[in-house]
2 protein chains.
Amino acid sequence: MIFVKTMRKLDLFEKGQQEIAAIAKVMSHPARIAILQFLAATPTCISGDISDFLPLSRTTVSQHLKDLKHAGLIKGEVEGLKIKYCLNKKGIEKMKQLFGDLLEEITPEEEKNCS
Amino acid sequence: MIFVKTMRKLDLFEKGQQEIAAIAKVMSHPARIAILQFLAATPTCISGDISDFLPLSRTTVSQHLKDLKHAGLIKGEVEGLKIKYCLNKKGIEKMKQLFGDLLEEITPEEEKNCS
DNA sequence: TTCTAATGACGCAAACATACGACATAGACT
DNA sequence: AGTCTATGTCGTATGTTTGCGTCATTAGAA
């Protein structure tokens, strides 16, 4: 493997670090947060009225949905012409555990503080 | 405010969504995760042997440290020529709470699942 | 069959992130 | 003063993300 100066070096890190970074990246845009919240709050797993709900074009929302789906945080289910989206319990749980473990690991103990 | 086609629309979202997205963005690179873990594991808040520890150039690590500092997750303290870095308890706690609240909010209840 | 509506895929332009070498600075040590 | 060392800043090349318009597809309606 040849590394050019500007090549990303993500894979030089540990698998756990890569995993949490990947899931954090998905959460790093307010639109995707908003989509997750919308799906959590909407009892009937309604499809792309998500586009109407967000201040973004339908195309852009579709893109964000793809990212969320790819990360395993949501699921899509065809229902005639429309598509029902909803949270993927398994993916959300996974994320919860990843973040939980990390946050526990990096909780500072008082005596280690510099100032 | 004029929006060109390609302008980011981050500020069209709610403040809470922006906050969590911003903190998630900081966590979205394995190098920064690794730095936080290193600081948590190193009792003596050691400075830039972080660069030696990571498979990145000193300049790049410095950049990541700046990002973490800017996000309030770490602190730097000058000590003669060297600089002691360590976790910022307050920032870590804040992140913990933000993620905790969100994860609780988007926890799917069984009956809402599509499939 | 033909029309319409919901959606994803493709491709572009602007903005942003990553990585690094080269330079600048500032403390410590002759 | 000069020199070395630890560090940050700047510029720059390349890669990635965001946002959207346009197109193709597919399911239902007429």
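Taken together, the values in this text are just the output of simple stated rules run on the coordinates, not laboratory data. Note that the structure is a prediction, hence the values are computed from the model and not measured. FYI the Cβ positions are ideal-geometry reconstructions off the backbone, even for glycines, and counts take in every protein chain you see.
General observations
- Flag for A:Leu102 being over 30 Å from A:Lys15 (Cα atoms) and in contact with a Leu (Cβ under 9 Å, 6 or more places away or on another chain): no
- Exactly one residue among B:Ser57, B:Ser51 is over 12 Å from the mean Cα position of the chain (by Cα), within 11 Å of chain A (Cβ to nearest Cβ), small (Gly, Ala, Ser) and farther than 17 Å from A:Glu105 by Cα, and that residue is B:Ser57.
- Just so you know, in segment B:7-19 the residues that are at the interface with another protein chain (Cβ under 7 Å from one of its Cβ atoms) and farther than 21 Å from B:Lys66 by Cβ include one that is nearest to DNA strand C (Cβ to nearest atom), and it is B:Lys9.
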